[in-house]
Amino acid sequence: MNYEEAINWLFKIPLSFNRNNDNYNLKLEPVIKLCDHLGNPQNNLKIIHIGGTNGKGSTCHLLASVLQEHQYNVGIFSSPHLVDVRERVKINGFLIEKTFFKNFICENLNFFTKNKISFFEITFALALCYFNKKKVDFAVIEVGLGGRLDATNICNPILSCITNIGYDHKKFLGNSLKQIANEKSGIIKRNIPVVIGEKKPSLKKIFIKFSKKLNAPLHFVNSTQYKKNDLKLDADYQFNNVSTAKKIIKLILREKLDLNKLNNGLINFKSNTSFIGRWQKIKINPEVILDTAHNIDAFKIIIKQLKKIPKNIKIVFGTLEKKDQLKIIDVLPSNFFYYFCEINNPRSMSLNKIIKRATKNKLKFNAFNLASNAYRQALFDSDSNSFILVTGSNYLLSEILKNNEKN
């Protein structure tokens, strides 16, 4: 089996096996069994475990970048990927080696098949083994879904972090913010420090309760007021993530912290870590930005920033079918123009649903069955005074990025 064959095999594996009449595995037993089979590689790593509704991917990469600037070798496990599956496993911004990836699949193929190990569990274990082999100084691990029963929660981290709490994955995590906070609090470990970026008093009480019960030192993030030019960050939402990353760094490095290296790491975090999909500029004239925002809280922040841009705003939007996902349409401004589309994914929200809600809200739009056609039309309709945002789903961005590479 060569690399391409190994990847093709992996993509046929469900993201998570249907073990509870759901599309996601909400049990830890399979990943515990898998890691036992592999010699429990997680026990040899200094792991920083990052959960939360929004911002956890950015926080992981900000954190890794600052640690890299301090001359540490840093592994990142994050999900999902946009173009190349190897984006999920990186060290110092470099994707995992194809040879290691292929060998890992081939050597454990029978175990994966016999024990019905899921796609996510395989890639997570792959990261642990790769980081072990390369002897990273730190492994920054992003939670996949929720926290309490996420595969990554078998780790014994040196620090845990919950960036914030918002509405997402209600089917699995609960219908209220308190229920979601309880699930995400599951990554808090006994005697291990935890950093919390959430600001709502009612939710902070939940984290206080969990941390007291587990004797986990609790650190809330105080938002730092930055001027946009201070760190040259392009997305306004990154400032909250910067505050969270800074809090973590100060706790980990303490007296070893170098403020110049800290700022360099924050400013250069995308290039240092090969981070894509977050306010990513792919075209200058007209300006085209890609962003993976896919829930209502993320959209509220992004729209606030878009309203400050003195250009004709055009949004290419497609999303997945999820509980309350249509509420995103309700926060879209009526003075923007929209290019709604379906995504090449079985879970794509139907175009008819989007059109019905957009019409009710009196939005100006065109509708397309293909994301590529929606994007092409947005470009055709634009000039130097236009600003195009492609957003709504990781899968939508993946389609656009892959087509962009071909062209």
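The values are calculated or read from the model by the stated rules, or taken from the named source; none is laboratory data. Worth saying up front: this structure is predicted, and the values here are computed from it rather than measured. Here the Cβ positions follow ideal geometry from the backbone for every residue, glycine too, while neighbour counts run over all protein chains shown.
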* For S271, are the conditions met, namely being of a type in the set (G, A, S), within 30 Å of N344 (Cα to Cα) and assigned to a helix (DSSP H, G or I)? -> yes
* Asked: Taking K204, is it more than 26 Å from I276 (Cβ to Cβ), under 23 Å from the mean Cα position of the chain (by Cα), in the same structural domain as K56 (by TED's automatic domain parsing) and assigned to a helix (DSSP H, G or I)?
  -> yes
* Picking from A151, A181, which residue would you name as being closer than 20 Å to A125 by Cα, surrounded by 24 or more Cβ atoms within 10 Å (Cβ to Cβ) and assigned by TED's automatic domain parsing to the domain that holds F124? -> A151
* Asked: Are any of the residues in region 337-353 among the β-branched types (V, I, T) and more than 20 Å from the chain's Cα centre (by Cα)?
  -> no
* Asked: Looking at F111, is it in a helix (DSSP H, G or I), touching a residue at least 12 places away in the same chain (Cβ under 8 Å) and under 17 Å from Q42 (Cα atoms)?
  -> no
* **Of all residues making up region 327-348, the number that are within 12 Å of F299 (Cα to Cα) and assigned to a loop (DSSP other than H, G, I, E, B)** => 3
* Take region 198-224 and flag every residue that is surrounded by 12 or more Cβ atoms within 10 Å (Cβ to Cβ), farther than 15 Å from K178 by Cα and modelled with pLDDT of 95 or more. => S211, L214, A216, P217, L218, H219, F220, V221
* **Test result for K114, modelled with pLDDT of 95 or more and either surrounded by 24 or more Cβ atoms within 10 Å (Cβ to Cβ) or more than 29 Å from N268 (Cα to Cα) (or both)** => yes
* Can you tell me which residues in region 128-146 are aromatic (F, W, Y) and either part of a strand (DSSP E or B) or not assigned by TED's automatic domain parsing to the domain that holds E87 (or both)? -> F138
* Go through region 147-194 and give me each residue that's part of a helix (DSSP H, G or I) and small (G, A, S). => A151, A181, S185, G186
* Close pairs (7 angstrom Cβ cut-off, 6 or more residues apart or separate chains): outside any strand (DSSP E or B) in region 362-383, among the hydroxyl-bearing types (S, T, Y) and buried (at least 20 other Cβ atoms within 10 Å of the Cβ) anywhere -> L363/Y338; A374/Y339; Q377/Y339; A378/Y339
* **region 383-407: number of residues that are in contact with a Pro (Cβ under 7 Å, 6 or more places away or on another chain), small (G, A, S) and closer than 23 Å to V331 by Cβ** => 1
* Here are some conditions: (1) modelled with pLDDT of 95 or more; (2) surrounded by fewer than 21 Cβ atoms within 10 Å (Cβ to Cβ); (3) among the charged types (D, E, K, R). E142 meets all but one. Which one does it not meet? -> (2)
* May I ask you to list pairs of residues, at least six apart or on different chains, whose Cβ atoms are under 8 Å apart, with the first in region 311-340 being touching a residue at least 60 places away in the same chain (Cβ under 8 Å) and on the phi > 0 side of the Ramachandran plot and the second being surrounded by 18 or more Cβ atoms within 10 Å (Cβ to Cβ) and hydroxyl-bearing (S, T, Y)? => D324/Y167
* **Hits in region 1-17 (condition: closer than 13 Å to N115 by Cα and at pLDDT below 85)** => S16, F17
